[in-house]
Amino acid sequence: MSINNKKESSSCDINAKSCSCSKEENFEIDLKSHWNDAYSKSETKKLGWYETFPEPSLQLIKKCNFNKEASLLNVGVGATTLIDELINIGYKNIIANDLSLTALEIIKNRVGDNKNKVKWIVDDLTKSKILINNEPVDLWHDRAVLHFFNEETEQDAYFKLLNKLVKPEGFVIIAAFNLNGATKCSGLPVYRYDEKMLIEKMGNSFELIESFDFTYQMPSGDLREYIYTLFKRKFLMNKL
Ligand SMILES: C[S@@+](CC[C@H](N)C(=O)[O-])C[C@H]1O[C@@H](n2cnc3c(N)ncnc32)[C@H](O)[C@@H]1O
């Protein structure tokens, strides 16, 4: 782990107080509770990652020139308005994943009957039991999820799943805190990235199409520095 990504605390307490639980025993459950609480205890529009309009993601998705049948997997989707926008554009094969059922329910309630146009999957990206069996997809979209995986084992599991699920010539959008970004989000330590680090993680079977830094303004007015990247999978898949 680079110095930039040094964790502020080794405690497994997601509220940054003291903690006596063993990571193996309780952390997975705690993280699920943490995210369910985050969405149930705050108004969606006040969440520190809420976007009224997900402009940078939509800008990159437009560049992929997908047809309306393309399968668009949004991992760690939270309560993002990106799903509303993708439905409005007319995409017919949208998949929304999150660890938190509470988050997915917020989008379902917001989009009403359109919820039937989306496949909803509660699953842990680092220990997938459901997504792993999904058909390969044309797009893997992640905003503000990968950076929560501080352990190498979690990052490896994430990229292994991504490699399994993205079709040859499919696209990957990853938006994470950049090296000037905050060291915590939602009270949790984050692992920050630059372009070179993401290219390395994606490996040889993907080529970088575009990347840019983006300053996001939180509902509180505070600023958060992100890097957005768009990758395309080469036609020939590497053996995993
Ligand atoms: C900061 S929020 C970002 C939500 C959304 N992508 C957005 O841009 O608004 C991080 C999201 O990642 C989800 N998440 C965290 N760990 C996860 C995991 N292991 N598997 C799936 N989702 C996870 C959380 O529940 C939360 O919704």
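All of the numbers you see were taken from the coordinates with simple rules; none came from a lab. Remember, predicted model here, so these are calculated numbers, not experimental data. Positions of Cβ are backbone-derived with ideal geometry, glycine not excepted, and every protein chain shown enters the neighbour counts.
Charges at C-beta only: +1 for Lys and Arg, -1 for Asp and Glu. How large is the resulting dipole of the range 140-220 about its Cα centre, in Debye rounded to 20?
Values: 8 positive and 12 negative charges, 46 e Å.
The calculation lands at about 220 debye.
Could you tell me the calculated FRET efficiency between Gln217 and Ser186, based on Cβ-Cβ distance and R0 = 25 angstrom, to the nearest 0.05?
Details: r = 17 Å, r/R0 = 0.67.
Efficiency for this residue pair is about 0.90.
Give the order of Thr153, Thr126, Thr229, Thr80 when sorted by the count of other beta carbons within 10 angstrom, beginning with the fewest. It would help to have the intermediate numbers written out before the result.
Numbers: Thr153 9, Thr126 19, Thr229 23, Thr80 26.
Final ranking by Cβ density, sparse to dense: Thr153, Thr126, Thr229, Thr80.
When the Karplus curve 6.51 cos²θ - 1.76 cosθ + 1.60 is applied with θ = phi - 60°, which whole-Hz ³J(HN,Hα) does each residue of the range 120-125 get, with x for Gly and Pro?
Calculated HN-Hα couplings, in order: 9, 9, 8, 6, 8, 5 Hz.
With r defined as the distance between the Cβ atoms of Glu169 and Lys117 and R0 fixed at 25 Å, what FRET efficiency is calculated, to the nearest 0.05?
Values: r = 25 Å, r/R0 = 0.98.
So the FRET efficiency works out to roughly 0.50.
If you place +1 on the Cβ of every Lys and Arg, -1 on the Cβ of every Asp and Glu, and leave all else neutral, what size is the dipole of the range 52-233 about its Cα centre, to the nearest 20 Debye? Don't skip to the end; give the middle numbers.
Numbers: 22 positive and 25 negative charges, 95 e Å.
Dipole of the range 52-233, to the nearest 20 debye: 460 debye.
Can you give the net charge of the other residues whose Cβ lies under 9 Å from the Cβ of Pro168, counting K and R as +1 and D and E as -1? Don't skip to the end; give the middle numbers.
On the way: positive: Lys167, Arg233, Lys234; negative: Glu169.
Around Pro168, the charge tally is +2.
Report the calculated FRET efficiency for Leu179 and Ile209 (r = Cβ-Cβ distance, R0 = 25 Å), to the nearest 0.05.
Details: r = 21 Å, r/R0 = 0.84.
Efficiency, rounded to the nearest 0.05: 0.75.
With springs connecting C-alpha atoms under 10 Å apart, model the chain as a Gaussian network and identify which of Asp194, Asp98, Asp37 has the largest mean-square fluctuation.
Asp37
Going by how many other Cβ atoms sit within 10 Å of their own, how do Tyr193, Tyr158 line up, fewest first? Please report the intermediate quantities before stating the final value.
Values: Tyr193 26, Tyr158 22.
Fewest-to-most ranking of Tyr193, Tyr158: Tyr158, Tyr193.
With both bridge residues required to lie in the chain, what share of the DSSP beta bridges run antiparallel, to the nearest 5%?
50 percent
Could you tell me what % of all Cα pairs in the chain have separations over 24 Å? Write out the running numbers ahead of the final one.
Numbers: 12403 of 28680 pairs.
When every Cα pair of the chain is considered, 43 percent fall beyond 24 Å.
Give the Debye-formula value of log10 I(q)/I(0) at each listed q (0.13 Å⁻¹), with one equal scatterer per alpha carbon of the range 25-167, two decimals each.
-0.55
Along the Cα→Cβ direction, 7 angstrom out, place labels at Glu225 and Thr52. What is the inter-label distance in nm?
It works out to 2.6 nm between the two label points.
Need one number: nm distance between label points at Lys41 and Lys160, each 7 Å from Cα along Cα→Cβ, rounded to one decimal.
3.3 nm
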